[in-house]
Each structure stands twice: as C-alpha cells, then as structure tokens.
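Asks: Sharing a structure here in structure tokens format.
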Amino acid sequence: QVQLVESGGGLVQAGGSLRLSCAASGRAFSGYTMGWFRQAPGKEREFVAAITWSDGNTYYADFVKGRFTISRDIPKNTVYLQMNSLKPEDTAVYYCASSTGGVVFTIGAYAYWGQGTQVTVSS
C-alpha cells in the first residue's frame, strides 16, 4: 500500500519561502508521476505541480511558474515543493499525490493522496 506523508507547512509572511516534503513508501515509484495539489477554504482542489519519478520531467500551474519548484530525491523516496515569493492567495492545504498515468494536472489521475499540510501566508 502506497503511503504519502507531507511535512513542512506553516505560517509565513508574504514574500517568504517554505519547502514542503512528501515522503513516499510502500512500493517502487519508477513509472509514477508525483504531484502537488492545494485546496483553499471554500474552493476546489487544484493542481500545483508534478514531476515524473523516472526522468524528472516537471509540470507547473501557471500561477506558480517562476515561484515554485518541484523536485525529487530518488534514494530518499521524497518529493519536494520549494515555494518562494509566497502570496496570501497561496494559503491552502497542500496535498501530495501519486499517479500511474493520465493527465498529470487532473485530480482523477492520482490514486494515492497524503493527509495534507497547511500553508498560511500572512499579508
């Protein structure tokens, strides 16, 4: 059974940075795509970024391009989301997810989800 555990969330001022981590376990992830999504209060869950485990191809939502960077550490089975120049509108619960196929920016492509980590950006 795949398990994903996020960490690294917290409270930060606008313009600050945070690095989220997603520790993955339960199987080999070669061939998987790992994604980050977020959900703000009263809003739908939305795609943030994704990375293919094997070759490291990355994908980003337009609203985070140039500010967020997704990466993975294969020996540690961990995916990271480096978030810079944070804005109050980035406030949300951030979720890590894993997919074996499908369109990487769609929720339906991801079979396994972490419990989420809260990111709060104050103005």
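The values are calculated or read from the model by the stated rules, or taken from the named source; none is laboratory data. Note that the structure is predicted; figures quoted are calculated from it, not measured. All Cβ positions, glycine included, derive from the backbone under ideal geometry; neighbour counts span all protein chains shown. Ligands, DNA and RNA are stripped out before the accessible areas are found, and what is left, the full protein with its side chains, is counted by its heavy atoms. Shrake-Rupley method; radii C 1.70, N 1.55, O 1.52, S 1.80 Å.
Asks: Sort out for me the strands (runs of 3 or more DSSP E) sitting completely within the stretch 11-123 that have 1 or more residues that are among the hydrophobic types (A, V, I, L, M, F, W, C) and open to solvent by 20 Å² or more (accessible area, probe 1.4 Å).
Replies: Hits in the stretch 11-123: 18-25, 46-52, 92-99, 110-113.
Asks: Out of the residues in the stretch 1-10 that are assigned to a loop (DSSP other than H, G, I, E, B) and not polar (S, T, N, Q), which is farthest from Thr91 (Cα to Cα)?
Replies: Per the stated criteria, the residue is Val2.
Asks: For a quick check of your reading of the model, give me the residue pairs whose first member lies in the stretch 64-91 and is over 17 Å from Arg19 (Cβ atoms), whose second is surrounded by 13 or more Cβ atoms within 10 Å (Cβ to Cβ) and not acidic (Asp, Glu), with beta-carbon atoms closer than 7 Å and at least 6 apart or on different chains.
Replies: From residues that are over 17 Å from Arg19 (Cβ atoms), the pairs are Pro88/Ala14; Pro88/Val121.
Asks: Sticking with this structure for a sec: For the stretch 84-106, how many residues meet the condition of being touching a Phe, Trp or Tyr at 6+ places or on another chain (Cβ under 7 Å) and under 17 Å from Arg45 (Cβ atoms)?
Replies: 8
Asks: Of the conditions (1) at pLDDT 95 or above; (2) within 14 Å of the chain's Cα centre (by Cα); (3) more than 19 Å from Gln118 (Cβ to Cβ), Ser99 fails just one. Which one is it?
Replies: Among (1) at pLDDT 95 or above; (2) within 14 Å of the chain's Cα centre (by Cα); (3) more than 19 Å from Gln118 (Cβ to Cβ), Ser99 violates only (1).
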